[in-house]
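*Asks:* Quick one: structure below, then a few questions.
The values are calculated or read from the model by the stated rules, or taken from the named source; none is laboratory data. Since we're looking at a predicted model, the values are computed, not measured. Cβ: placed from backbone, ideal geometry, glycine included. Neighbour counts: every protein chain shown.
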Amino acid sequence: MSTEIAPLTSGLALGHLLRDEVLVGGRWRTGTGAVIDTVDPSTGVTFAHLHAATVEDVDEAVRAGERAALESGWRAALPHERAGVLRRVGDAIERRAEEISALQTLDTGKTRGETLALAHSAAATFRYTAAALETLEDQVTPPRGPYLTIATWEPVGVVASITPWNSPIASDAQKIAPALAAGNAVVAKPPAWAPWVTLLLARITEEAGLPPGLLSVLPGPGRTVGEALASHPRVGKLTFTGGTTTGRHLAHVAAEKLMPATLELGGKSPTIVFDDADLTQAIAGVLYGIFSSTGQSCIAGSRIFVQRTIFDDVVARLVEATRRLRVGSGTDPRTQVAPLVSHSHRDQVAAMVDAAVADGAQVLIGGGVPADPELADGAYYLPTIIGGVDNSARICQEEVFGPVAVVLPFDDEEDLIAMANDSDYGLASGIWTADYRRIHRIAGRLVAGTVYVNTYKQFSISTPFAGVRDSGVGVEKGREGIRSYMRQKSIYIDLSGEPLPWAAEQARAVDPTSTGS
């Protein structure tokens, strides 16, 4: 890969967004850490340099955020006042969606169609969060005595947000919007591999009127910047999306601090095709579920279970349809499978496929880099389907996070449930069938936070999203997504005007105004 700065090839002017600056406590300045080279995955060419943040930057950002929440009045602002800023952020993202899309494609290699959808999703997240904020209510609870009881909510203080590289703008919005809505300050750590869209989002929030210091953006290595952020004593909540190994470590850090944490982690999601399914619909959905985003999705349907009576037919159709997928640069509007985020990640994916083959797996299609010489310098890997394996195989149990799926036959519902739930993960699942009774039975028995029926990989900011087992803890999205960035407080207000009976006699005895004996 070249380490020289290459001219940008996007049709939009993006150079002004690639400044060597991070946002620390309301100030844009050069990071005090090592230089990050950012590489276009489609060409392997470095297009910008950025100095990473450091532990010292983390401390400055956290303490500035804590002050800003109080001194700016953000923490005490009325819900509709905070909502107004969030709506303006959403509107600004919508206006700049094309620019955001082009920058994210350059940074991550994703197709322009996907990055544009992610930008619009982020805009919708800010607008939904604003609307939900205005309708959240405290609760007057049923009285159990001569007093009024109120359950209220208040901010946790400073939120640490650590996001992955596979969908930066959408992941950022999903965490930053509700955390700000709740009255907190946020220190965001985007991935070192893909920091630019998060930095652009920070500029957009400033333009929309977010008080300085409430949002800091500190790109850098997880082992230093992420670790310092999670363990900082003034951080009151951690939200993390990423790998299970890192998530488990951060859970230990949060536990030591007795700090709440929301962890959205990995997956090895089953997608299930029954013999009564509409196969055209199912095959299109299965392909989308695993190969869109080049398989770099936590909910990717990477284990494809097909009823044995139709197994051979469905596998043949899947293989042929996969052969027809268009692999290429994310800037080409015809592309369906773009490059992976980096050459090192591509090599990890390839190594997992090679190991599966060494263990006896059969590559039905793909299993290597494209032969097209125009793609030779990019981080490309062909969409791959693997057969001839048992569900206990490593390739069926470990997350690949790339365009790699396994196909497995099943005989009946009991056989299916046993295999589908035989996983350390429990993030998502898909069912393809025409039988509504079966839908209800299977959906209830699958160990997964989300079940898709005759569709896959759909998202709604208004619908809660969570994982079980090694796929995470806590819930994001929905109205309760805002509450997850708050802590509850109970208030008791006396209505009787009388002293508490336990010491009423003694209190009256020492009251000089009392007329009692």
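*Asks:* Look through Leu279, Leu250, Leu238, Leu258 and report the one residue that is modelled with pLDDT of 95 or more, more than 22 Å from the chain's Cα centre (by Cα), among the aliphatic types (A, V, I, L, M) and farther than 30 Å from Ile310 by Cβ.
*Replies:* Values: Leu279 fails: farther than 30 Å from Ile310 by Cβ; Leu250 fails: more than 22 Å from the chain's Cα centre (by Cα); Leu238 fails: more than 22 Å from the chain's Cα centre (by Cα).
Criteria check complete, one pass: Leu258.
*Asks:* So, in region 122-161, of the ones that are among the aromatic types (Phe, Trp, Tyr) and not in a strand (DSSP E or B), which residue ends up surrounded by the fewest Cβ atoms within 10 Å (Cβ to Cβ)? Break it down into steps so the answer makes sense when it comes.
*Replies:* So in region 122-161, the residues among the aromatic types (Phe, Trp, Tyr) come out as 126, 128, 147, 153.
From the residues that got through so far, the ones that are not in a strand (DSSP E or B) too are 126, 128.
Values: Phe126: 31, Tyr128: 22.
In this case the residue turns out to be Tyr128.
*Asks:* Still on this structure, please answer the following. Of the residues Asp172, Asp107, Asp91, which is charged (D, E, K, R), modelled with pLDDT under 95 and part of a helix (DSSP H, G or I)?
*Replies:* The match here is Asp107.
*Asks:* Here's something else I'd like to know. For Ala179, only one of the following conditions fails: (1) at pLDDT 95 or above; (2) on the phi < 0 side of the Ramachandran plot; (3) out of contact with any Phe, Trp or Tyr (no Cβ under 8 Å at 6 or more places or on another chain). What is its number?
*Replies:* (3)
*Asks:* Please work out which one of (1) surrounded by 14 or more Cβ atoms within 10 Å (Cβ to Cβ); (2) more than 26 Å from the chain's Cα centre (by Cα) is the condition Pro464 fails and give its number.
*Replies:* (2)
*Asks:* Is it the case that region 497-510 has a residue that's assigned to a strand (DSSP E or B) and either under 27 Å from the mean Cα position of the chain (by Cα) or of a type outside the set (Lys, Arg) (or both)?
*Replies:* In the first step, residues of region 497-510 are kept if they are assigned to a strand (DSSP E or B); the result is none.
The answer is no; no qualifying residue exists.
*Asks:* Show the residue pairs meeting these rules: Cβ distance below 6 Å; 6+ apart or different chains; first residue within region 386-413 and assigned to a strand (DSSP E or B); second residue modelled with pLDDT of 95 or more and surrounded by fewer than 17 Cβ atoms within 10 Å (Cβ to Cβ).
*Replies:* Close Cβ pairs (under 6 Å, with a partner that is modelled with pLDDT of 95 or more and surrounded by fewer than 17 Cβ atoms within 10 Å (Cβ to Cβ)) amount to Gly387/Gln362; Pro409/Arg308.
*Asks:* Considering only residues that are on the phi > 0 side of the Ramachandran plot and in a helix (DSSP H, G or I), which ones fall in region 457-496?
*Replies:* As a first pass, look at region 457-496 and keep what is on the phi > 0 side of the Ramachandran plot: 457, 469, 472, 474, 477-478.
Correct list: Arg469 only.
*Asks:* Ok, one more. Tell me which of these Thr224 doesn't satisfy, since it passes every other one: (1) within 27 Å of Ala428 (Cα to Cα); (2) surrounded by fewer than 24 Cβ atoms within 10 Å (Cβ to Cβ); (3) of a type in the set (S, T, N, Q).
*Replies:* With (1) within 27 Å of Ala428 (Cα to Cα); (2) surrounded by fewer than 24 Cβ atoms within 10 Å (Cβ to Cβ); (3) of a type in the set (S, T, N, Q) applied to Thr224, the lone miss is (1).
*Asks:* Any chance you could count how many residues in region 158-207 are of a type in the set (Val, Ile, Thr) and closer than 23 Å to His345 by Cα? Walk me through how you get there before you give the answer.
*Replies:* Step one: filter region 158-207 for residues of a type in the set (Val, Ile, Thr), giving 158-159, 162-163, 169, 176, 186-187, 197-198, 204-205.
Within this subset, residues satisfying the condition of being closer than 23 Å to His345 by Cα are 162-163, 169, 197-198.
Here the count works out to 5.
*Asks:* Another question, if that's okay. Would you please name the residue that is farthest from the chain's Cα centre (by Cα), looking only at residues in region 182-208 that are closer than 17 Å to Arg67 by Cα and among the small types (Gly, Ala, Ser)?
*Replies:* Looking at residues that are closer than 17 Å to Arg67 by Cα and among the small types (Gly, Ala, Ser), I get Gly183.
*Asks:* So Pro164 clears everything in (1) surrounded by fewer than 24 Cβ atoms within 10 Å (Cβ to Cβ); (2) within 13 Å of the chain's Cα centre (by Cα); (3) in a helix (DSSP H, G or I) except one condition, right? Which one?
*Replies:* (3)
*Asks:* Look through Arg487, Arg483, Arg479, Arg445 and report the one residue that is closer than 27 Å to Gln281 by Cβ and surrounded by fewer than 22 Cβ atoms within 10 Å (Cβ to Cβ). If you could, list the steps in order and put the result at the bottom.
*Replies:* Values: Arg487 fails: closer than 27 Å to Gln281 by Cβ; Arg483 fails: closer than 27 Å to Gln281 by Cβ; Arg479 fails: closer than 27 Å to Gln281 by Cβ.
The conditions single out Arg445.
*Asks:* Still on this structure: For region 189-271, list the helices (runs of 4 or more DSSP H) that sit wholly inside it and hold at least 3 residues that are touching a Cys at 6+ places or on another chain (Cβ under 7 Å); which are they?
*Replies:* Working: elements: 196-207, 227-231, 244-257.
In region 189-271, there are no helices (runs of 4 or more DSSP H) which contain 3 or more residues that are touching a Cys at 6+ places or on another chain (Cβ under 7 Å).
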